[in-house]
Each structure stands twice: as C-alpha cells, then as structure tokens.
Amino acid sequence: MLLNKVEKLLMNNPVRGAVQRHYEARRLRHMGGIMAGGRALEIGCGRGVGVEIILDRFGADTVDAFDLDADMVRRAQARLARFGDRVSLWTGDATAIPADDDTYDAVFDFGIIHHIPDWRAALREVHRVLRPGGLLYADEIYEKFLRHPLVRALLAHPGDDRFDHARFARALEGVGLHVVASYDEGHFGFFVARKV
C-alpha cells in the first residue's frame, strides 16, 4: 500500500532518519548482531536511509532494495549513488520478490510489513528468499497504534487483519522463521528471526 501524502512527508524528513539510525537500527543490531559481510535485502527502502544503515552499521557487502513507490526509489537512487554496484534498487512488491530461493543472508524490514494488506504473503516471501540460517531484522507497528483515531485520520493503512506482538511472532514461526529475539514496546516492537 502506497503511503499517503502525510506519511510520505513524515518518512522523508531528518527526524525519521535519525530515529531509524540511532534507535531502531541500534536496537536491532543489539538483538541480532551484525552481518559481517554477505548479501542483504531491504523491503520498502523509501529514500534509502535503511540501505545506508545496512551497509554502514550491519556490515553487509551488498544490499538489494525495493519500494512500491517509484518516486521513493528515485530518491534512494540519488542518495545511494556513491555506493556504486554495492546497491541494487528497483520498484517492487514484498508479496512477489523477484529473487531466487535462498538468496539473502539477511532481510530488513524497517516498519514496512504493517503497510501490506496481505502481510503473511510478505513473510512467506521473506522466508523463501532468505538462505537457511539467514536473519530477518524487523521493527513493526502494531494494530493498537494503527487504530488510534488520530492515526486513522492522518495516515492510510490497511484496516483488516493487523497484528500485535504475539500475533506477529506466531506468524513468523508459522512460515519457518524462528524468533531468536523480540522486544515489545506496546504500540510497536522489534524482532530478529532465523530461517530454520
């Protein structure tokens, strides 16, 4: 689901980048460690801040990334040009990732899966493209936050079949991603899960 104008403004500002870099990435790195090389995928790359984090803070050799919004992919291409062939970007959908089975050492979800109407299909795709033993690093927003009247008035999200911490963890396990660490902050939370 594409972001509406308000959320796109929120995602394309320095505050969002700082939160992603100094809080979300730090928490996920503490929970799951670094990659120390290898190939990573980011789903919903936005303007490319996550790709920078994956390269700089998690130590990936290369990162493939995509977003449903072609404008966001253009922004990411401009931002990430300095990385050359270490980064590959495209417009795409997390429920149909154009990659072979067992391709990635890690997949990163910086708050994207809650935007996807069929989020379970996205989890199945993440499992499919991860190598055995590969990690999913995810931070996600929960139904409790999405149902708040102000959030509903300003932001556009799918309304049906959303999740809380326990439901997301069960869905990860259900597709074959074993949760090795999680942290529940009430309205949002963090997960590191390994492909078994």
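For the stretch 116-196, which strands (runs of 3 or more DSSP E) that fit wholly inside it have 2 or more residues that are more than 24 Å from ASP93 (Cα to Cα)?
177-184
Take the stretch 75-118 and flag every residue that is over 14 Å from GLU42 (Cβ atoms) and touching a Ser or Thr at 6+ places or on another chain (Cβ under 9 Å).
Listed by number, the residues that qualify are ASP85, ILE116, PRO117, ASP118.
Being of a type in the set (D, E, K, R), surrounded by fewer than 16 Cβ atoms within 10 Å (Cβ to Cβ) and in contact (Cβ under 8 Å) with a residue 40 or more places away in the chain is the filter here; which residues of the stretch 161-196 pass it?
ASP161
Can you go through PHE66, PHE58 and tell me which one is within 16 Å of the chain's Cα centre (by Cα), assigned to a strand (DSSP E or B), among the aromatic types (Phe, Trp, Tyr) and buried (at least 19 other Cβ atoms within 10 Å of the Cβ)?
Numbers: PHE58 fails: assigned to a strand (DSSP E or B).
Matching residue, one of PHE66, PHE58: PHE66.
How many residues are of a type outside the set (Lys, Arg), in contact (Cβ under 8 Å) with a residue 40 or more places away in the chain and assigned to a helix (DSSP H, G or I) if we restrict to the stretch 26-48?
3
None of the figures in this text is laboratory data; all of them are computed from the coordinates on show. Treat the numbers as computed from the prediction; the structure is a model and nothing was measured. Glycine gets a Cβ as well: all are built from the backbone with ideal geometry, and neighbour counts include every protein chain shown.
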